[in-house]
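The values are calculated or read from the model by the stated rules, or taken from the named source; none is laboratory data. What you are looking at is a predicted structure, and each value in this text was computed from that prediction instead of being measured. Counting neighbours? That spans all protein chains shown, and the Cβs are built from the backbone with ideal geometry, glycine included. Note: accessible area is taken over every heavy atom of the protein model, side chains too, but ligands, DNA and RNA are not part of it. Shrake-Rupley method; radii C 1.70, N 1.55, O 1.52, S 1.80 Å.
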Amino acid sequence: MQPVLSVKNLYYSYHNLKGETPAIADISFDVAEGEFLAIVGPSGCGKSTLLSIIAGLLKPEGGSLSFGWPTTIGYMLQHDHLFEWRTIYQNVILGLELNKSMTKENIDYVLQLLKDYGLYSFKDQKPSQLSGGMRQRAALIRTLAIKPSLLLLDEPFSALDFQTRLTVSADIGNIIRQTEKTAILITHDLSEAVTLADRVLVLSKRPSTVKAELNIHYDIDRASPLSIRNTAEYQEYFNKLWKELSDDVPK
Ligand code: ADP
Ligand code: MG
């Protein structure tokens, strides 16, 4: 089957007055339809740069990107970027407004997402009236509203406190699985990568290459991340990633 995205020998460096900062040395990977791929790597290794290239915000200097078919990209960042002067409903339909696609079908879809993910009764409230976790769910619904065929998530949980982070990352992981989205999640949290993803790529330090790749499989249902964390497989995957990454972290 044709991959949704194929990245080949990607190279990128930033240029400014002080010179050149190579961020990505050589990265290649494919993403299959419906796959949930996590990418981990040391801070500053080029993870956000990679997502920006995939999103079309930066142009690669070398190598290529190809999409299997016309792809709508949904991009979700660490900060939810909800607008305080808009209600939750007005925030989640923003993408539809901008795309001029406010059809009844699309609006019904958004209302259904709000219902499914426990935000319907908050739809007329302002973002500041919601908890951090609810805001992040609202940001995801806004991203899903445009029915993206590829979701890019750049450390979307890292601004949340630990407790909230566990539940919100589980919720969002479940939403992505239920809606059968293809997703790329950047995270520096190994346990998040190992509980959520089907496959994890480990990047080396800057300028990055793909250092290792790990396929993740559990015999039990993923819906409960806490039970996942108690399995022997989880420990094994976590330790493997830890080992790969600790080679690159200054001691
Ligand atoms: P990560 O998301 O993995 O933490 P980034 O992709 O944000 O890393 O950045 C990779 C490297 O490129 C870092 O060393 C960073 O300092 C550098 N960098 C990022 N943005 C710029 C920029 N606009 N100009 C120059 N260097 C940059
Ligand atoms: Mg980053």
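Key figures
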item: Phi-based couplings in Hz for the stretch 51-62 (Karplus 6.51, -1.76, 1.60; Gly and Pro marked x); result: 5, 4, 5, 4, 6, x, 7, 10, 9, x, 8, x
item: Ratio of Rg to Rh over the stretch 1-100 (Cα coordinates, Kirkwood Rh, two decimals); result: 1.03
item: Additional length obtainable on full extension of the chain from Met1 to Asp221, 0.36 nm per residue less Cα span; result: 76.7 nm
item: Charge dipole (debye, nearest 20) of the stretch 83-148; +1 at Cβ of Lys and Arg, -1 at Cβ of Asp and Glu; result: 80
item: Estimated 222 nm signal from helices in the chain, with DSSP H stretches of n ≥ 4 weighted -39500 (n - 2.57), rounded to 500; result: -10500 deg cm²/dmol
item: Added length on full extension, which subtracts the Cα-Cα distance from 0.36 nm per residue, Thr164 to Leu98; result: 20.7 nm
item: Total formal charge among the other residues, if their Cβ is under 12 angstrom from that of Leu160, Lys/Arg +1 and Asp/Glu -1; result: -3
item: Surface/4 estimate of mean projected area, convex hull on alpha-carbon atoms of the stretch 65-109, nm²; result: 4.8
item: Additional length obtainable on full extension of the chain from Glu33 to Thr72, 0.36 nm per residue less Cα span; result: 12.7 nm
item: Amide hydrogen neighbours beyond the local backbone of Ala212, cut-off 5 Å, H modeled; result: Val202
item: Accessible area (Å², 1.4 Å probe, nearest 10) - Ile146; result: 50
item: Accessible area (Å², 1.4 Å probe, nearest 10) - Asp219; result: 130
item: Ellipsoid equivalent to the stretch 83-148 - semi-axes via the Cα gyration tensor, in Å; result: 18, 12, 10
item: Two-decimal ratio, the stretch 102-251, of alpha-carbon radius of gyration to 2.2 N^0.38 Å; result: 1.15
item: Cβ-placed point charges (K, R +1; D, E -1), dipole of the chain about Cα centre in debye, nearest 20; result: 540
item: Fraction of alpha-carbon pairs over 34 Å apart in the chain - percent; result: 18
item: Formal net charge of residues neighbouring Glu192 (Cβ-Cβ distance under 15 Å; K, R +1; D, E -1); result: 0
item: Efficiency of FRET from Cβ geometry, Asp116 and His79, R₀ 25 Å, rounded to 0.05; result: 0.55
item: Positive-end residue of Leu114, Ser227, Leu166, charge dipole of the stretch 98-251 with Cβ unit charges; result: Leu114
item: Å³ per residue enclosed by the Cα convex hull of the stretch 156-210; result: 91
item: Equivalent ellipsoid semi-axes - Cα gyration tensor, the stretch 35-170, angstrom; result: 26, 20, 12
